[in-house]
Amino acid sequence: MQQPFHLMIKPTGATCNLDCTYCYYVHKESQTPPAWRMSDEVLETLIRQYLAAQPGPEVTFAWQGGEPTLLGVPAFRKILAVREHYRQPGQRVVNTIQTNGTLLDEAWAVFLKENHILVGISLDGPGDLHDQYRVDKGGKTTYARVIQAIELLRSHAVEYNILCTVNRANAEHAERVYVELIRHGQHLQFIPIVERAGDPDPAWPAGAMTAWSVDPQAYGRFLSTIFDRWFAHDIGRIHVQLFEGQIGVSLSQPAGLCVFAETCGDAVVAERDGSIYSCDHYVYDTFLLGNVRSENVSDLVAKPVQRHFGNAKRESLPQQCRSCRHLHRCWGECPKHRFAETAAGEPGLSYLCGGYYHFFEHTAARLDALATGIGHGIPAWETARRWGTGVSPRAVGPNDPCLCGSGKKRKKCCGSTSFRNPFWSRRFSVENIARP
């Protein structure tokens, strides 16, 4: 049976209406085919092949860029019609779209709501921090337009996550960033900016770090500061992808983020000409798997070279990682970032190692406590409330009163759902973390 894989589709390639300083992708606009958008032929081929290749009942299409909303609503309506034509009986299809938000309008909001499309929207914090790097082609700031887009999504009850990049400008302002983000959304993702000058092919030696790349220790402090605030006040109200994924790791579940998985290679990217690459961060000739116009995408993902690419994440770990007590939480992090050396001079260490080590040292005991509580039927928010009081989590039977104080039996209240942390889930929030 075909193993499931994730396909990120870039229908506009690297074409974007913004010119974000830290974007690792926008410069590829001049390196990819001249047509700025994916042809109808390639789109139909991708959709047909991807739907046929997925063995499970649910298939997720992730539309990214560049800026995918440049296609316009009519083009996406056509895409959904093609998807419906090739959808197999009983197959549920989910769509997500990552956008800078600046092109969203009333027509987009109606379309996204009608079709239950989950939106990822980029916001890097308050205006002065967001606008440091996120500007348009004319150098104009974008913060006000992003906030307007978020309000538009809210007014139409469109599901959305906020994606925040952590960079040199905002990393030392964790409290300000977090307060701003939770003003505008409940589901947060944090992505570190790690770029080397010249964006070298990973097959070649590392270059100097760019001025906007986050400092590793600053990144660790950033995550730790936000975790403290979240743990004390916001569990169940605010959902942070990284934190909730690490609770799953404490419960011995698969990593919810590919960067923390033991191996990778099950998430490929489709460029606008139909070319398939090993990963979104590896759109280089070295990692070109082939093209759907001449080969099936499932065959490309199954190629030995792609299996080698994915397994190398585990097999190339330096000894410092193999002996680290947080190995099960990190697994060396993203291969794209593994260009540093260990204290012993061994290559293959993540540039962000120091930051992640600080974060895991700071949070591991509480992550494990949250997992222990969940294992005993105690919601995460209740374990957090008890933290530091010396009260150990105790087993709660299905017919015992629920700890939330609702007066209902646990099985009819917070215990009615079990902890789930599906890999590549549509929504990364965890059901029994939610407050009653």
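Candidates I191, I182, I117, I162: the one that is surrounded by 15 or more Cβ atoms within 10 Å (Cβ to Cβ) and farther than 25 Å from A232 by Cβ is I117. Among residues of region 260-285 being within 17 Å of A53 (Cα to Cα) and among the β-branched types (V, I, T), the one that is farthest from the chain's Cα centre (by Cα) is I276. Based on this model, can you work out whether D201 counts as modelled with pLDDT under 95 and either within 29 Å of R183 (Cα to Cα) or of a type outside the set (V, I, T) (or both)? So D201 fits the description; yes. From the list V94, V110, V82, the one residue that fits, being surrounded by fewer than 19 Cβ atoms within 10 Å (Cβ to Cβ) and closer than 24 Å to F190 by Cβ, is V94. Go through the residues of region 291-298 one by one and say whether even a single one is farther than 19 Å from M38 by Cα, surrounded by fewer than 19 Cβ atoms within 10 Å (Cβ to Cβ) and either in contact with a helix residue (DSSP H, G or I) (Cβ under 9 Å, 6 or more places away or on another chain) or at pLDDT 95 or above (or both). Within region 291-298, one or more residues are farther than 19 Å from M38 by Cα, surrounded by fewer than 19 Cβ atoms within 10 Å (Cβ to Cβ) and either in contact with a helix residue (DSSP H, G or I) (Cβ under 9 Å, 6 or more places away or on another chain) or at pLDDT 95 or above (or both).
Looking at A144, A149, A171, just one residue is within 30 Å of A211 (Cβ to Cβ), without any contact (Cβ under 8 Å) to a residue 40 or more places away in the chain and either out of contact with any His (no Cβ under 6 Å at 6 or more places or on another chain) or hydroxyl-bearing (S, T, Y) (or both), and that residue is A144.
Considering only region 309-330, how many residues are closer than 16 Å to C279 by Cα and without any contact (Cβ under 8 Å) to a residue 24 or more places away in the chain? Count: 1. The number of residues in region 244-271 being in contact (Cβ under 8 Å) with a residue 24 or more places away in the chain, part of a loop (DSSP other than H, G, I, E, B) and open to solvent by 10 Å² or more (accessible area, probe 1.4 Å) comes to 10. Only a single criterion out of (1) at pLDDT 95 or above; (2) open to solvent by less than 40 Å² (accessible area, probe 1.4 Å); (3) out of contact with any helix residue (DSSP H, G or I) (no Cβ under 7 Å at 6 or more places or on another chain) is not satisfied by L288, namely (2).
The residues in region 52-69 that are assigned to a loop (DSSP other than H, G, I, E, B) and among the acidic types (D, E) can be counted, and the count is 1. Of the residues making up region 285-319, those that are within 23 Å of P347 (Cβ to Cβ) and out of contact with any Gly (no Cβ under 9 Å at 6 or more places or on another chain) are D285, T286, F287, V305, E315, Q319.
The values are calculated or read from the model by the stated rules, or taken from the named source; none is laboratory data. Because the structure is predicted, anything quoted here is derived from the model rather than measured. Reconstructed Cβ throughout: ideal geometry from the backbone, glycine too, with neighbour counts over all protein chains shown. Quick note on the areas: whole protein, heavy atoms, side chains included, nothing else; ligands and nucleic acids left out. Shrake-Rupley method; radii C 1.70, N 1.55, O 1.52, S 1.80 Å.
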